[in-house]
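Beneath this line is the structure, given in structure tokens, with notes to follow.
What follows is calculated from the coordinates using simple rules that are stated; it is not laboratory data. Computed from a predicted structure; not experimentally measured. Every residue, glycine among them, receives a Cβ derived from its backbone with ideal geometry; neighbour counts consider all protein chains shown.
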Amino acid sequence: MCGIVGYIGTRDATPIILNGLKRLEYRGYDSAGVAVINGNQIEVRRDAGKLSQLIDLVSKDPVKGAPGIGHTRWATHGAPSARNAHPHVGNSGKVVIVHNGIVENFLELKEELTSEGVIFNSETDTETIVHLAEYLKASGNSLEEVARKTFNRIEGANVVVMMTTEEPDKIVTARIGNAGGVVIGLGENENFIASDIPAILEHTRKVIFLESRQMAIITRDSVQVKTLDGQEIKPEIHTIAWDAVSAEKGEYRHFMQKEIHEQVRALTDTLAGRVDFQEGRIRLPELKLTPELAKRIQRIYITACGTAAYAGMVGKYLIEKIARVPVEVVIASEFRYSDPILDENTVVLAISQSGETADTLAAMEEGRRKGAVIWSIVNAIGSQAMRIADGFISMQTGPEVGVASTKAFTAPLVDQYMLAILLADLRGVLDDKTRKSLVSDLRLVPDLAGRVMDTEADVEKVAHVLKDIKNCLYLGRGINMPIAYEGALKLKEISYIHAEGYPAGEMKHGPIALIDEEMPVLCIAPKDPWHEKMISQIQQAKARGGIVIAIATEGDELVKNMADHALWVPEAPWMLSPIITVLPLQLLAYHIAAIRGLDVDQPRNLAKSVTVE
Ligand code: AGP
């Protein structure tokens, strides 16, 4: 997902923009650039590659002045290159833009503009926007009108930030759909624009979130928000509680390592204000779950992508077991095109760390279109998935910077556990004693997680054993079966080793043919209702010469005598065990990737939030 930073005020824009783009590096990108209005000139510096190359370019050929806009690009149309990098300037040199999203009708626009004699200099869809904007500017439109009319021509989900030498006292931005967020930061005699909060947090905590089909006209001392058809809006001003440090690495080598360890606090935070341990009650006010709604819900579809979908697979076990409501988990990229059978008694529950994932948002919209109740569990405050839902649960873990999701996997496990208890309580299917016991178990989670963090050195040893493997199988059963998928994904996405998560019970139906001394098998075998089955799974793998690494409960002599290696976790109530069994797998993937010297926080080809299909 592209990163955008803009500045207007009395200071030089470039250093502010470059620092802001650094805070957005986690989103994944392949080129970067900055543009500043200097007198009646637009000065642009841009290049393919990492931000460090742009910083180097700017240090050799400085650019002064304000306002300015900057961009980190994740290539969609046109390979990563200097000429395809943003910002893009029109041929008259009067208008400059940065863009996030996809102009779905760009070929039609390109043909129209080319027939008017416009020369194109890149392979991007973005260029159609700047030439259209320049054409409108040349026809006497104000920058505000240019933005409005441009957005009436381009199709698809897009965010555009534009400036012109003819109105150097303002920056205009507009947004349609879910092509990533637009955050406007309010300063003293200066204002900021960014695609995400960390980029401007060191300057201000007062922000406005631009909604879809809205635009903002920003000067150094004013921010006007309007709908795309010109109606003025009084925007809500939010104050961000995070501090700039929380978006920093601290004493850890990578954001991912910090965020794995942060889960002890994040699991506490996601409980904060929601659990009455005295009464054994759960409070989730933003979910807006009334007794009437609780009683009429007949089915819940959980929809998400990647790691979030695996969190939903655990949620299915929790909600069905505790609330006795049927749950189906459907990955969002399938759900959105599956013509699902929904009605007002169905809930579509979306899980999304970024709250901006295009497939997940589209799945929510499909649910809305068919009359379902829309819920979401989201981490990014103010994101689309939080704002378009009828009710939501905020993960409350603070910013997750590493592309590989860790705390934003375990937090929704707790959130779904709490949702299940509340739903069961309101449906009257939970006796007092059981409810109080389930709620009381939540108290154990942060401490159990902390005890797993103490085993990091043991995990690192196993990482050294596995660092050169080419393939790996992850096996789990029951509520820990999704942990096999999640553990495998963690290894794949940061160490680039092929790893496959599989339901352990399925091995005898084919995949067991893969097992030999070249195919290590990670067996997730805690003391849960499926423990016995997993013990026999370990025996089957050993009998075929497989190397078995077990995630097992401390003191399990059976596993100790059978497995080649064991990563021990403390005993946990079985419904909360996935929160604990996933932790050594996160640490294992992290250390293997770190030993292999890979870019753990920004793995190749990946982005923190995939805002395109
Ligand atoms: C997580 O490790 C992955 N990077 C990816 O699968 C991610 O979970 C997925 O893209 C969904 O993102 P979201 O939670 O922001 O919607």
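Descriptive notes on the structure:
- The Cα-based radius of gyration and maximum Cα-Cα distance (Dmax) for the stretch 456-613 are 15.0, 49 Å.
- Expressed to the nearest 5 percent, the antiparallel share of DSSP beta bridges inside the stretch 1-64 is 100 percent.
- Here the 3J(HN,Hα) profile of the stretch 190-203, calculated from phi with Karplus coefficients 6.51, -1.76 and 1.60 at θ = phi - 60°, is 7, 9, 10, 10, 7, 8, 7, 4, x, 5, 10, 4, 6, 9 Hz, Gly and Pro shown as x.
- Highest to lowest packing among 483-491, 59-67, scored as the average C-beta count within 10 Å: 483-491, 59-67
- Span-like helix criteria (full DSSP H runs; alpha carbon extent of at least 27 Å along the helix axis; mean Kyte-Doolittle hydropathy of at least 0.5) are satisfied in the chain by 407-427, 577-595.
- Overall shape of the stretch 500-593 was characterised from the C-alpha gyration tensor. The equivalent ellipsoid obtained from it has semi-axes of 20, 15, 13 Å, in decreasing order.
- Dimensions (Å) - the stretch 20-158, Cα atoms, principal axes, largest first: 38, 33, 23
- Net charge, I297 excluded, C-beta distance under 14 Å - Lys, Arg +1, Asp, Glu -1: -1
- Near F409: Cβ cut-off under 13 Å, other residues only, Lys/Arg at +1 and Asp/Glu at -1. The net charge is -4.
- For the stretch 309-353: rounded, prolate or oblate by the Cα gyration tensor [a/c cutoff 1.5]: oblate
- Approximate shape of the stretch 294-379 as ellipsoid semi-axes (Cα gyration tensor, √5λ), whole Å, largest first: 18, 16, 10
- Projected label distance in nm at A79 and T239, using a 7 Å step from Cα toward the beta-carbon: 5.1 nm
- When you restrict to C-alpha pairs under 8 Å that are six or more residues apart and normalise by the size of the chain, the relative contact order lands at 12 percent.
- D_trans [Stokes-Einstein, Kirkwood Rh over alpha-carbon pairs] for the stretch 1-94, 20 °C, 1.002 mPa s, µm² s⁻¹: 165 µm²/s
- Against the rule of thumb 2.2 N^0.38 Å, how large the Cα Rg of the stretch 518-562 comes out: 1.05
- Projected label distance in nm at A513 and E613, using a 7 Å step from Cα toward the beta-carbon: 3.6 nm
- Cα-based convex hull volume of the stretch 378-476 per residue, rounded to whole Å³: 171 Å³
- Sorted on the mean count of surrounding Cβ atoms within 10 Å across their residues, most packed first, peptides 518-528, 165-175 read 518-528, 165-175.
- Shape of the stretch 420-512, Cα gyration tensor, a/c cut at 1.5: oblate
- Whole-angstrom Cα spans of the stretch 236-388 along principal axes, big to small: 49, 41, 35
- Residue-count net charge about V182 - beta-carbon cut-off 13 Å; Lys, Arg +1, Asp, Glu -1: 0
- Per the Cα gyration tensor, the stretch 135-205 maps to an equivalent ellipsoid with semi-axes of 24, 17, 7 Å, ordered largest to smallest.
- ³J(HN,Hα), Karplus 6.51/-1.76/1.60, whole Hz, each residue of the stretch 500-506, x for Gly, Pro: 10, x, 8, x, 4, x, 8
- Computing Rg and the Kirkwood Rh from the Cα coordinates of the stretch 120-263 gives a ratio, Rg/Rh, of 1.04.
- Cα shape, the chain, gyration tensor, a/c 1.5 rule: prolate
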